[in-house]
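Data first, discussion second: the structure below is written as structure tokens.
The values are calculated or read from the model by the stated rules, or taken from the named source; none is laboratory data. What you are looking at is a predicted structure, and each value in this text was computed from that prediction instead of being measured. Methodologically, a virtual Cβ is constructed for each residue, glycine included, from the backbone with ideal geometry; neighbour enumeration extends over all protein chains shown. Heavy atoms of the whole protein, side chains included, go into the accessibility calculation; ligands, DNA and RNA do not. Shrake-Rupley method; radii C 1.70, N 1.55, O 1.52, S 1.80 Å.
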Amino acid sequence: MGSLESEKTVTGYAARDSSGHLSPYTYNLRKKGPEDVIVKVIYCGICHSDLVQMRNEMGMSHYPMVPGHEVVGIVTEIGSEVKKFKVGEHVGVGCIVGSCRSCGKLQSVLEQYCSKRIWTYNDVNHDGTPTQGGFASSMVVDQMFVVRIPENLPLEQAAPLLCAGVTVFSPMKHFDMTEPGKKCGILGLGGVGHMGVKIAKAFGLHVTVISSSDKKKEEAMEVLGADAYLVSKDTEKMMEAAESLDYIMDTIPVAHPLEPYLALLKTNGKLVMLGVVPEPLHFVTPLLILGRRSIAGSFIGSMEETQETLDFCAEKKVSSMIEVVGLDYINTAMERLEKNDVRYRFVVDVAGSKLDN
């Protein structure tokens, strides 16, 4: 990594402390290496984990921090050894931008689980420079961690697929949750959850949305296409639905009890945890033991799976429900996201925000 080229100065929106407030910040990109591409950012999705990192809820944040890991852009420069992309192509960058490139996980196409993975932001590049994310005009990324956007997939629609989309696509493929007619529960109907409904339906699954109230019922069924809707506080309906689901995708990013949802699983059913919850969760073991149920976890997907997610959604015409905003609105968008006041993903028009002017 690194070269004799001069550094490029760019502008992004950064958090300076755990208040999480974002404001303009000018910094140098790391120098382009032979396997790097420079990406001009066009759109970047907003994820709940951005809030977690900006506010140091995991106790590992470093400032100044430019968030954003659902990045869609155009290749403007390539390194001398880049074979995968050409200047002018539309590409995407997700949650990670590096790994050790030598461990067994990489050979198994599991680079997202490499213990030396490099996060898209709030981390350190191989050359010692800090990583900064997609709320900025440009990024430098190793070609291995860049994916191609299908021509028939609108760029603003592609952004949420790079995190929310692959986060549900990967475990569905890994845990064999793609057999048409199988019954899948989607717990939580936010950015990840609504993609879970859409992708599960595209696989031909019977989908039940599980939420804490009925305020999203009409939209879940009539707009997103869910087959059933359960209110978790309705004890009678939850009991009626006991042992009815083959799988549950748990997308809730805050602490919540697991027992009510484990009871919904059939024998051998799986509860797959996808939400980043920064505190312990609790459950009683008989609900697992007496049904040979299991609790599993899954983290985004490999680069191969990310590309597969984009291609699958383009082929099946799966789109995310988004609200496009400018960077001048980003702090308001974060406040609304915290209140779950978005249907269902904010996407920032970074190029339209004219950062470098």
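Values computed for the structure shown
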{"item": "Cα-based reach from K83 at 21 Å (exclusive), listing lysines while leaving out same-chain residues under 8 positions away", "result": "K31, K32, K40"}
{"item": "Gain in span if fully extended, R292 to T9, counting 0.36 nm per residue against the direct Cα distance", "result": "96.3 nm"}
{"item": "Cross-link partners of K183 among aspartates and glutamates (Cα-Cα below 12 Å; sequence separation of 8 or more within a chain)", "result": "D227, E243, D246"}
{"item": "Solution diffusion estimate, µm²/s, Stokes-Einstein, region 165-297, Kirkwood Rh from C-alpha pairs, 20 °C, viscosity 1.002 mPa s", "result": "148 µm²/s"}
{"item": "For region 165-297: relative contact order, % (alpha-carbon pairs under 8 angstrom, 6 or more apart)", "result": "21 percent"}
{"item": "Relative packing of peptides 259-271, 162-174 - highest average C-beta neighbours within 10 Å first", "result": "162-174, 259-271"}
{"item": "Carbon and sulfur %, accessible surface of region 165-297 computed with the full protein complex present, 1.4 Å", "result": "53 percent"}
{"item": "Residues whose placed amide H lies under 5 Å from that of A296, excluding near-sequence neighbours", "result": "L271, V272, M273"}
{"item": "Point-charge dipole on Cβ atoms (K/R +1, D/E -1) for the chain, about Cα centre, debye to 20", "result": "360 debye"}
{"item": "For the chain: accessible area per residue (Å², 1.4 Å)", "result": "43 Å²"}
{"item": "For the chain, radius of gyration divided by Kirkwood radius, i.e. Rg to Rh on alpha-carbons", "result": "0.97"}
{"item": "Highest-first arrangement of 323-335, 283-295, where packing means the average Cβ count within 10 Å", "result": "323-335, 283-295"}
{"item": "Paramagnetic label zone (point 7 Å from Cα along Cα-to-C-beta, V254; backbone N under 18 Å) in region 51-79", "result": "51-58"}
{"item": "Area of C47 that stays accessible when all protein chains are in place (1.4 Å probe, Å², to 10)", "result": "10 Å²"}
{"item": "Fully extended contour minus Cα-Cα distance, from T235 to D311, at 0.36 nm per residue", "result": "23.3 nm"}
{"item": "Relative contact order %, the chain, counting alpha carbon pairs below 8 Å whose residues are six or more apart", "result": "18 percent"}
{"item": "Cut-off under 5 Å, modelled amide H: who pairs with K116 long-range", "result": "C100"}
{"item": "Student exercise, region 179-307 dipole from Lys, Arg, Asp, Glu Cβ charges, in Debye to nearest 20", "result": "140 debye"}
{"item": "Proximal lysines to K233, defined as alpha-carbon separation beneath 16 angstrom and excluding residues fewer than eight positions away on the same chain", "result": "K215, K216, K217"}
